[in-house]
Number of protein chains: 2
Amino acid sequence: MTEAQPEGAKKKRGAKKAPPRFSREQADVRRSMLIEAATRCLSVGGIGAFTIDRICKEAGVSRGLINHHFESLDGLLVEVYKSSLYASVNNQIAEAKRRRAEASDWPPEAALAALVRSNFSSEYFSRENLLIWLSLWGEIAVNPRLKAAHRELYDAYRAELAEDIAAVAVRRGRQVDAPAQARNFIALVDGLWLEWCLDESVVTPQAAEAAGFEMLEAQLGTLRDE
Amino acid sequence: MTEAQPEGAKKKRGAKKAPPRFSREQADVRRSMLIEAATRCLSVGGIGAFTIDRICKEAGVSRGLINHHFESLDGLLVEVYKSSLYASVNNQIAEAKRRRAEASDWPPEAALAALVRSNFSSEYFSRENLLIWLSLWGEIAVNPRLKAAHRELYDAYRAELAEDIAAVAVRRGRQVDAPAQARNFIALVDGLWLEWCLDESVVTPQAAEAAGFEMLEAQLGTLRDE
DNA sequence: GCTCTTGTTGTACGAACGTTCAACAAGAGC
DNA sequence: GCTCTTGTTGAACGTTCGTACAACAAGAGC
């Protein structure tokens, strides 16, 4: 056994400066790090792995930090929701709005087709997100704050989709219940994604995209080719 | 404070026979009771309420009983899956098979319509089951035993649905990819059910049923009326 | 009324949970 | 080089978790 050294010993002798035991980060930087680590935990082990211990270990940080930067573990979960679902879906909405605004370049059909396709791009239609989404859905059913955020988000997306559908219907002189079609389309996408995640042999992303187009084309006519 | 009585006192005096402290049940009866109590816990509080303490309290039983009747808490969850999803879906399959066998009374169109409708009956299309299914889905993604059971179950249901679809298509001389239509239909049902559970203002069971019929009728022609 | 089987109880245990908080120290500002 | 702010640590706490197990007793069988 080595003899215990007085605290100041190292400094006095000036041998080696001990490396910093941790690095300080801006509050929002650290929050992002924790949100990302928490998301990783969720995607690997589901809600059962959404734990102070595991998240802090994943982030390489001490146990006290989550409660310093978030009101509670539950507050962190809300932030994970926002940075996962919220952010990505809002991106889709914003892009679709932009396309629809640039009406000169993008005919309504092309804008709708682009929005449909984005649902099946690997960014959203991803098996990695299975446990994240499933865990968050389960929490939405129980957590009023999350439920409110979820409704707001889906309402916005549904409205955008309905507008794109309505634009095509008007141009083609078809009578379509655009809000209902938007709702059904979203249900189909969520359902296909779920089937794919739970059993990848049942459906491919390509087949899923085809199914999405088929549903809308039954009401609107061809969308995929000029 | 009353004086502590010797244990045998009551019996010796023959005053009142203490009522039994518990009742013995057959192993399978008690197992059913525990499965039902566990299911109730799941539906109220999600996977977070799936706990030895809460389930035993819900069942009015002592803490040791779950590990006596099941290999572990996880084993109980598998039984909950079987008695929830497995049993109810297998009922649908069996009924559909029977209808298809009685071909004389049930034309294919009526058999398919009945199968479609059963998806939206209050027994299956129920908000009470939200947390149960969501919790079980989350577990399927993580638990190999459940995953295997899930695939077997969905494969069977998808096959039955595809057979019913194919029967109608053949009779009407239409070219239809029945397995794909069955898969898409199931995805739509699951997605609509999910949307309804998370936000009941978006869709009604009636509208959901209409959406289900619309999807199939786009391929097969009218199914709902003669 | 007695015995025997076995379903049931309830305590004990270690591990892991979320939260709190006093102490610490990194690094900016002077 | 010093001070001061504040991001960070890690021990401590009470609770709840799943499991194990010895003791108990209900009720069938004789």
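The values are calculated or read from the model by the stated rules, or taken from the named source; none is laboratory data. No experiment lies behind these values; they were computed from the predicted model shown. Here the Cβ positions follow ideal geometry from the backbone for every residue, glycine too, while neighbour counts run over all protein chains shown.
Only residues that are touching a residue at least 24 places away in the same chain (Cβ under 8 Å) and within 14 Å of chain B (Cβ to nearest Cβ) were counted in the range A:14-68, giving 7. Is it the case that some residue within the range B:121-141 is over 16 Å from the mean Cα position of the chain (by Cα) and not aromatic (Phe, Trp, Tyr)? Yes, the range B:121-141 contains a residue that is over 16 Å from the mean Cα position of the chain (by Cα) and not aromatic (Phe, Trp, Tyr).
Report yes if residue B:39 is closer than 20 Å to residue B:78 by Cβ and within 12 Å of DNA strand D (Cβ to nearest atom), otherwise no. No, not satisfied. Within the range A:147-161, the residues that satisfy the criterion of being closer than 14 Å to residue A:185 by Cα and either more than 13 Å from every other protein chain (Cβ to nearest Cβ) or touching a Lys or Arg at 6+ places or on another chain (Cβ under 8 Å) (or both) are A:158, A:160.
Condition check: within 7 Å of another protein chain (Cβ to nearest Cβ) and buried (at least 22 other Cβ atoms within 10 Å of the Cβ). Does residue A:192 satisfy that?
Details: within 7 Å of another protein chain (Cβ to nearest Cβ): yes; buried (at least 22 other Cβ atoms within 10 Å of the Cβ): yes.
Yes: the conditions hold for residue A:192.
Within the range A:164-188, residues that are away from every other protein chain (no Cβ under 14 Å) reach partners that are of a type in the set (Lys, Arg) and crowded, with 17+ Cβ neighbours inside 10 Å with beta carbons closer than 9 Å, at six or more positions or on different chains, in the pairs A:164/A:99; A:164/A:100; A:167/A:100. Tell me whether the range B:14-31 contains one or more residues that are within 23 Å of residue B:137 (Cα to Cα) and either among the basic types (Lys, Arg) or modelled with pLDDT of 90 or more (or both). Looking through the range B:14-31, at least one residue is within 23 Å of residue B:137 (Cα to Cα) and either among the basic types (Lys, Arg) or modelled with pLDDT of 90 or more (or both). For the range B:205-226, filtering for residues that are of a type outside the set (A, V, I, L, M, F, W, C), surrounded by fewer than 18 Cβ atoms within 10 Å (Cβ to Cβ) and within 11 Å of another protein chain (Cβ to nearest Cβ) leaves 1. Residue count for the range B:26-56 satisfying the condition of being in contact with a Cys (Cβ under 9 Å, 6 or more places away or on another chain) and over 20 Å from residue B:127 (Cβ atoms): 5.
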